[in-house]
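Data first, discussion second: the structure below is written as structure tokens.
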Amino acid sequence: MRKDLVFGMAGSGGDGIVSAGDSLLQAAAAEGYHGVMTKSFGSQIRGGESSCRVRISTEPILNPGGNLDVAVALNWEDFLKFGAELPVSGTTVVIYEAATGIPENQIPLVGVTPLQVIAVPIAAMAKETAGTERAKNTVVLGLIAGWFGIGAVAVMKGIRKKLAKKGEELVEANQRAFDAGRAFAMEHPLKASMNVVASETKGQVKLITDGNDMCAAAAIFAGCQFFGGYPITPSTEIMQFFTDHVWKYGGSVLQAEDEIAGIGAAVGASFAGKKSMTATSGPGLSLKSEMMGLASIAELPLVIVDVQRGGPSTGLPTKTEQSDLFAACFSAHGDVIRPVLAPTSVADMFRITIEAFNIAEHYQTPVIVLSDQEIAARKETLDPIDTTQFKIINRLVPAGADLQDYKRFKQTDNHISPISHPGMIGGTYLASGIEHVESGAPTNSGSVHARMNDKRTKKFEPLKDRKDLFEVTGNPNAPIAMVAWGSIAGVCREALAMAQAEGLDVKLLVPYLLYPVAEGVYNDFFASVQKGLVIEQTHLAQTFKLLRMHIDLPKGLKPLARSGANPFLPSEIVAALKTLVSELQRSHEGNLQPQE
Amino acid sequence: MSATGTCEYQPKDYKSDLKPIWCPGCGDFSVVQGIYRALAAVGRPPHEIAFVSGIGCSSRIPGYTTAYGFNSVHGRSLPIAQGIKLANPDLLVLAAGGDGDGFSIGGGHIAHLIRRNMDITYIVMDNQIYGLTKGQLSPTSQKGRVTCTSRFGSLEEPVNPLLYVLAYGAGFVAQASPTDLVGMAATIEEAIRYPGFAFVNIQSPCVTYGEEAQQIKGLKAISETLASLGHNPADRLAAMDLAQHYGEKLHLGVFYRNPEPPPTYGDLVKERQVLLSKDALPKERILDLFIKK
């Protein structure tokens with residue numbers, strides 16, 4: 001019996017791979033399991049190849065998992081296109097379409113001998129039972145139910161619901177396809193049992209959503225009433241969610257003519273007194289940078305979500321990366337600090353998005369939520385969230401005495417000035433991208449500019465003391481450390497648990513606040529550290545360099561960085577940690593030698 | 001006008017303490033006077049007005065009013081104005097800028113504002129030159145014009161701002177000139193009162209880099225009011241016909257005013273908000289949307 005199973009499936013567009021993954025995830029949730037699903041496509045619109053990976057566990061899941069336990073290939077050509085996303089190992093059970101004509105001992109996995117390989121006439125079974133090959137995905141679900149003990153009841157319940165509108169005939173056809181899959185599994189038992197332990201929380205309510213929908217829902221919860229944006233993969237679903245829901249709350253959404261207009265409208269809405277947001281991906285972030293600078297100097301609250309994909313330029317639109325970090329921190333000219341926050345999971349996205357609005361409102365600043373394709377598109381099962389625990393912060397509005405001779409950019413002790421908005425009597429002022437004196441009047445005085453730069457950057461000092469925007473796990477005095485953020489943090493959390501189980505003295509720092517760099521937090525964390533890794537999905541080791549720019553890092557701290565779509569595996573990180581441990585031991589032994 | 005019919009506001013109530021940086025004799029001095037007069041005539045208090053601009057000489061104009069002003073970035077006044085209008089439809093939203101701001105760098109936005117028909121008034125101070133950067137070619141400069149970026153004469157046809165907005169279907173299109181302050185104020189007032197997107201092109205002389213023909217004397221020589229021509233502003237095709245004379249004639253007044261203004265974007269947004277508000281989950285339950293039953 002297993003507590004955790006990772007399924008990977010691939011086929012051609014139209015094979016219903018993603019739909020099957022969805023059904024499996026929903027069934028798992030109904031049966032009380034935790035689950036995560038990621039999907040991956042070629043970059044074509046229709047057809048081509050598509051894949052999904054579903055991880056199911058009795059424990060909360062921190063990442064989509066490493067090597068597959070179960071691989072389903074509806075055709076090999078498509079499956080092999082996802083080599084990095086769907087890694088097969090010696091412990092994987094491989095199920096594939098018999099009609100490919102490839103014998104079980106000749107499957108095209110070079111250098112890998114899976115635990116077991118089973119050819120199943122999936123298309124033929126679909127045709128025979130449902131009258132159409134389109135039911136192949138239902139046959140696959142039947143196979144999974146039979147072999148792994150997941151979804152025997154819940155899958156068909158979900159399918160029934162989904163297809164109810166299309167008629168009983170289709171539902172019955174799918175039931176037959178499902179039953180055939182299950183029966184096949186029963187007749188061809190696996191070498192070793194891979195059934196999943198029954199969950200103890202069966203029947204409890206679980207939420208299922210992805211990072212983009214979660215982000216938009218959190219924004220509306222935080223009081224966002226305006227979204228301006230432009231469609232761009234993989235952020236578009238955020239705008240879609242707004243177009244479905246924000247009207248209900250008296251807000252509105254503008255699908256603008258371009259990225260610049262999208263953020264421009266959001267800047268305008270914020271100036272008008274409403275919480276507002278835009279979302280984009282790398283190329284769009286580049287276009288928005290002038291407006292981000294404007295919002296910084298005009299001290300207007302604004303949340304910008306950047307769902308990272310591979311860059312530069314159009315790069316890898318459908319694959320994840322963390323390489324927009326520099327752009328998020330530094331794009332737009334001049335001296336400016338723009339807080340950058342990063343969620344590590346779909347569940348986190350709720351808290352981090354609310355936090356982004358709170359920081360934007362409190363500090364009167366644009367804030368970037370640095371999501372990534374994996375979090376944005378991956379579906380997670382979540383336990384219900386108690387929304388009443390979240391505090392919502394609104395901007396400081398002038399009142400009474402403030403409005404006598406109102407000065408919009410008044411110097412105050414904490415560098416935050418009350419902010420009026422059109423409609424407010426006594427609060428009229430000129431907002432501008434041009435440097436201004438306290439009243440808002442334009443100036444080209446160098447000394448005023450220096451003072452205002454001081455105001456606009458010093459106001460963020462308290463943000464760096466926000467310990468709740470950092471998570472330290474493992475032994476706080478460990479000599480070996482990891483730093484990771486975003487979706488990679490989940491992989492590192494799992495690597496930490498594995499390393500600890502093997503007796504390694506390791507700790508992990510996950511920053512939710514990436515910028516401004518909180519020197520104090522890192523200095524405390526690094527105090528005990530002799531060796532460590534900054535683990536990130538970039539080519540240039542951007543995170544490592546950002547930290548090195550601000551902090552005297554321990555000599556033994558190194559980047560573990562790579563770009564592209566290939567996610568790190570927890571096992572790979574553990575191996576790297578072990579190398580550090582042995583290096584450390586050697587250097588200690590070296591130190592014990594008598595000095596000559 | 002108040003309910004009793006008396007004017008509550010005077011033009012001076014809209015004049016700020018900031019001293020304009022424009023060159024002495026610049027047409028924009030006259031434009032801002034026209035705007036003060038128009039705003040007083042409309043009678044909305046300054047704090048209910050949001051006045052947005054981009055970058056350039058003319059884009060300084062919001063600062064010279066007592067309204068809430070936003071002197072933003074080059075070419076982007078219209079997206080910002082739309083965000084303001086959507087966030088608070090009760091505001092009177094004005095946008096202003098120059099020909100470069102509106103028809104070069106920001107040229108992509110105007111078509112979309114027209115499509116959306118938001119109730120925003122857009123005033124372009126068209127001097128056919130880039131003044132603040134010291135005299136380069138503008139999108140409305142005449143072909144063949146010699147400037148510091150076209151020393152051998154411009155090779156491009158100018159944009160025709162009037163035809164441009166008429167072609168996209170603007171509901172209100174007018175032209176004014178500082179040579180006629182009273183007419184300009186009346187035109188701007190009419191534009192503000194029009195329920196939907198309204199565009200006013202103002203030939204505003206650049207005294208420093210402008211050509212002689214575009215100075216007050218030259219403008220007077222080519223001015224003709226549309227009223228004197230017997231033009232019917234409800235006739236869109238006639239308006240387009242007249243608009244073809246941009247650059248040779250200075251037609252003043254309303255080229256086109258849609259006699260049956262369609263609902264504005266704001267009206268449609270409000271309709272949708274009302275229609276859908278009954279489906280709103282309480283915010284603290286918004287995550288219920290993710291429960292798969």
*asked:* Looking at (1) open to solvent by 20 Å² or more (accessible area, probe 1.4 Å); (2) more than 13 Å from chain B (Cβ to nearest Cβ); (3) out of contact with any helix residue (DSSP H, G or I) (no Cβ under 6 Å at 6 or more places or on another chain), which one does A:G282 not meet, given that it meets all the others?
replied: (1)
*Return only the number of the condition from (1) of a type outside the set (F, W, Y); (2) open to solvent by 10 Å² or more (accessible area, probe 1.4 Å); (3) in a helix (DSSP H, G or I) that B:L39 does not satisfy.*
(2)
*State all residues of region A:144-159 that are within 13 Å of chain B (Cβ to nearest Cβ) and surrounded by fewer than 18 Cβ atoms within 10 Å (Cβ to Cβ); if no residue qualifies, say none.*
A:K157
_Suppose we keep only residues that are surrounded by 20 or more Cβ atoms within 10 Å (Cβ to Cβ) and within 30 Å of A:Q175 (Cβ to Cβ) within region A:83-103. Which one would you say is farthest from the chain's Cα centre (by Cα)?_
A:E97
*Would you mind telling me which numbered condition in (1) out of contact with any helix residue (DSSP H, G or I) (no Cβ under 7 Å at 6 or more places or on another chain); (2) open to solvent by 30 Å² or more (accessible area, probe 1.4 Å); (3) within 14 Å of chain B (Cβ to nearest Cβ) A:L316 fails?*
(3)
*Please work out which residue is farthest from the other protein chains (Cβ to nearest Cβ), limiting yourself to region A:104-143 and to residues that are among the small types (G, A, S) and open to solvent by 30 Å² or more (accessible area, probe 1.4 Å).*
A:G111
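Out of the residues in region A:413-436 meeting the condition of being surrounded by 14 or more Cβ atoms within 10 Å (Cβ to Cβ) and away from every other protein chain (no Cβ under 14 Å), tell me which one is farthest from A:K455 (Cα to Cα).
A:P418
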*asked:* Against the definition (within 14 Å of chain B (Cβ to nearest Cβ) and either under 17 Å from A:A152 (Cα atoms) or not charged (D, E, K, R) (or both)), how does A:A20 come out, yes or no?
replied: no
*Check every one of the strands (runs of 3 or more DSSP E) wholly within region A:486-596 and list those with 3 or more residues that are open to solvent by 10 Å² or more (accessible area, probe 1.4 Å).*
A:557-561
_Looking at region B:108-117, can you tell me whether even one residue there is on the phi > 0 side of the Ramachandran plot and either surrounded by fewer than 24 Cβ atoms within 10 Å (Cβ to Cβ) or facing chain A (nearest Cβ under 7 Å) (or both)?_
yes
*Qualifying positions in region A:332-358 - open to solvent by less than 10 Å² (accessible area, probe 1.4 Å), under 18 Å from A:E299 (Cβ atoms) and part of a loop (DSSP other than H, G, I, E, B)*: A:R338, A:P339
_Filtered residues of region B:281-293 (kept if at the interface with another protein chain (Cβ under 7 Å from one of its Cβ atoms) and either open to solvent by less than 40 Å² (accessible area, probe 1.4 Å) or of a type in the set (K, R) (or both))_ = B:K283, B:I286, B:L287, B:F290, B:K292
*Keeping to region A:285-306, report how many residues are crowded, with 24+ Cβ neighbours inside 10 Å and at the interface with chain B (Cβ under 8 Å from one of its Cβ atoms).*
3
*If you check A:T387 against the conditions, is it crowded, with 22+ Cβ neighbours inside 10 Å, within 17 Å of A:F221 (Cα to Cα), within 14 Å of chain B (Cβ to nearest Cβ) and at pLDDT 95 or above?*
no
_Within region B:63-82, considering residues that are more than 16 Å from A:E435 (Cβ to Cβ) and either among the basic types (K, R) or facing chain A (nearest Cβ under 7 Å) (or both), the one surrounded by the fewest Cβ atoms within 10 Å (Cβ to Cβ)_ = B:T66
*Going by the structure shown, is A:A152 over 21 Å from A:G8 (Cα atoms) and touching a helix residue (DSSP H, G or I) at 6+ places or on another chain (Cβ under 7 Å)?*
no
_Condition broken by A:S51, with the remaining ones in (1) over 32 Å from the mean Cα position of the chain (by Cα); (2) open to solvent by less than 20 Å² (accessible area, probe 1.4 Å) satisfied_ = (1)
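For the structure I just gave you, tell me whether A:Q106 is touching a Lys or Arg at 6+ places or on another chain (Cβ under 7 Å) and farther than 20 Å from A:A28 by Cβ.
Against the criterion (touching a Lys or Arg at 6+ places or on another chain (Cβ under 7 Å) and farther than 20 Å from A:A28 by Cβ), A:Q106 does not qualify.
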*Residue by residue through region B:30-50, note down the ones that are facing chain A (nearest Cβ under 9 Å) and either in contact with a Pro (Cβ under 9 Å, 6 or more places away or on another chain) or in contact (Cβ under 8 Å) with a residue 40 or more places away in the chain (or both).*
B:H47, B:E48, B:I49, B:A50
*Select, from A:V397, A:V346, A:V369, the only residue that is under 19 Å from A:A489 (Cβ atoms), modelled with pLDDT of 95 or more and away from chain B (no Cβ under 13 Å).*
A:V369
*Can you tell me which residue in region A:362-384 is surrounded by the fewest Cβ atoms within 10 Å (Cβ to Cβ), limited to those that are closer than 28 Å to A:S199 by Cα and among the acidic types (D, E)?*
A:D383
*Hey, can you tell me all the residues within region B:120-135 that are open to solvent by 20 Å² or more (accessible area, probe 1.4 Å) and within 14 Å of another protein chain (Cβ to nearest Cβ)?*
B:L132
*Conditions (1) more than 7 Å from chain A (Cβ to nearest Cβ); (2) over 15 Å from the mean Cα position of the chain (by Cα); (3) surrounded by fewer than 24 Cβ atoms within 10 Å (Cβ to Cβ); number of the one not met by B:G27*: (3)
_Suppose we keep only residues that are touching a residue at least 40 places away in the same chain (Cβ under 8 Å) and open to solvent by 60 Å² or more (accessible area, probe 1.4 Å) within region A:467-485. Which one would you say is farthest from A:E572 (Cα to Cα)?_
A:K467
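Regarding A:K458, is this residue within 14 Å of chain B (Cβ to nearest Cβ) and open to solvent by 60 Å² or more (accessible area, probe 1.4 Å)?
no
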*State whether the residues of region A:258-269 include one that is out of contact with any strand residue (DSSP E or B) (no Cβ under 9 Å at 6 or more places or on another chain), at negative phi and more than 10 Å from chain B (Cβ to nearest Cβ).*
no
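Restricting to strands (runs of 3 or more DSSP E) lying wholly in region B:75-194: which have 3 or more residues that are touching a Lys or Arg at 6+ places or on another chain (Cβ under 6 Å), more than 30 Å from B:P46 (Cβ to Cβ) and without any contact (Cβ under 8 Å) to a residue 40 or more places away in the chain?
Values: elements: B:92-98, B:120-126, B:172-176.
In region B:75-194, no matching strands (runs of 3 or more DSSP E) lie anywhere.
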*Pairs, please: C-beta under 6 Å, at least 6 apart or cross-chain, first residue farther than 10 Å from B:G63 by Cβ and of a type outside the set (S, T, Y) and in region A:435-447, second assigned to a loop (DSSP other than H, G, I, E, B) and open to solvent by 40 Å² or more (accessible area, probe 1.4 Å)?*
A:E438/A:K407; A:E438/A:K410
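The values are calculated or read from the model by the stated rules, or taken from the named source; none is laboratory data. Computed from a predicted structure; not experimentally measured. Every residue, glycine as well, gets a Cβ built from its backbone with ideal geometry; the counts of neighbours run over all protein chains shown. Quick note on the areas: whole protein, heavy atoms, side chains included, nothing else; ligands and nucleic acids left out. Shrake-Rupley method; radii C 1.70, N 1.55, O 1.52, S 1.80 Å.
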